[in-house]
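K.L.:
Structure below; questions to follow.
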Amino acid sequence: YRKLAIKWHPDKYEGDDKKKAEKMFIDIASAKEVLTDQEKRARFDAGDDPLDAEEQAQQRNPYHGFNPFGGGNDQGFTFRFHFN
């Protein structure tokens, strides 16, 4: 990790393509983050992407897709007040 981090660090990269160096450095740091965290590594080994923000948001929200006010989903019922 350290050798690659030094090689691709954007401030120390001696090539012309600084954007490529930034992307490589971020990828290396992300890989280290997954490999050093037991929970993230287990999720990665199970086929999940532990760094995917959308996937994490869906896992944190147990009511993903549920909208109690309808939100355009026609559920076939309406509520009416009945006055006598």
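The values are calculated or read from the model by the stated rules, or taken from the named source; none is laboratory data. Since the model is a prediction, treat every value here as computed from it, not as a measurement. Reconstructed Cβ throughout: ideal geometry from the backbone, glycine too, with neighbour counts over all protein chains shown. Quick note on the areas: whole protein, heavy atoms, side chains included, nothing else; ligands and nucleic acids left out. Shrake-Rupley method; radii C 1.70, N 1.55, O 1.52, S 1.80 Å.
K.L.:
May I ask you to rank Arg2, Arg41 by accessible area, largest first, using a 1.4 Å probe over the protein chains only?
P.N.:
Arg2, Arg41
K.L.:
Per residue, how much accessible surface does region 1-57 expose to a 1.4 Å probe? Answer in Å², no decimals.
P.N.:
Per residue, region 1-57 has 80 Å² of solvent-accessible surface.
K.L.:
Could I ask something else about it? Ignoring ligands, DNA and RNA, what percent of the accessible area of region 1-57 is carbon or sulfur (1.4 Å)?
P.N.:
So the carbon and sulfur contribution to the accessible surface is 51 percent.
K.L.:
Apply the Debye scattering formula to region 1-57, with a single equal point scatterer on each alpha-carbon and no solvent, then give log10 I(q)/I(0) at q = 0.18, 0.23, 0.28, 0.30 Å⁻¹.
P.N.:
Rounded to two decimals, the profile gives -0.67, -0.85, -1.01, -1.09.
K.L.:
I need the phi-derived Karplus couplings for region 26-37: 6.51 cos²θ - 1.76 cosθ + 1.60, θ = phi - 60°, integer Hz, Gly and Pro marked x.
P.N.:
5, 4, 5, 5, 5, 4, 5, 4, 5, 6, 8, 9
K.L.:
Next question, about the same structure. Quote the accessible area belonging to Asp17 in square angstrom, nearest 10, computed with a 1.4 Å probe and with ligands, DNA and RNA left uncounted.
P.N.:
Counting only protein heavy atoms, Asp17 exposes about 70 Å² to solvent.
K.L.:
Quick one: net charge around Glu39, please, counting Lys, Arg +1 and Asp, Glu -1 for every other residue with C-beta under 13 Å from its C-beta.
P.N.:
With Lys, Arg at +1 and Asp, Glu at -1, the neighbours total -1.
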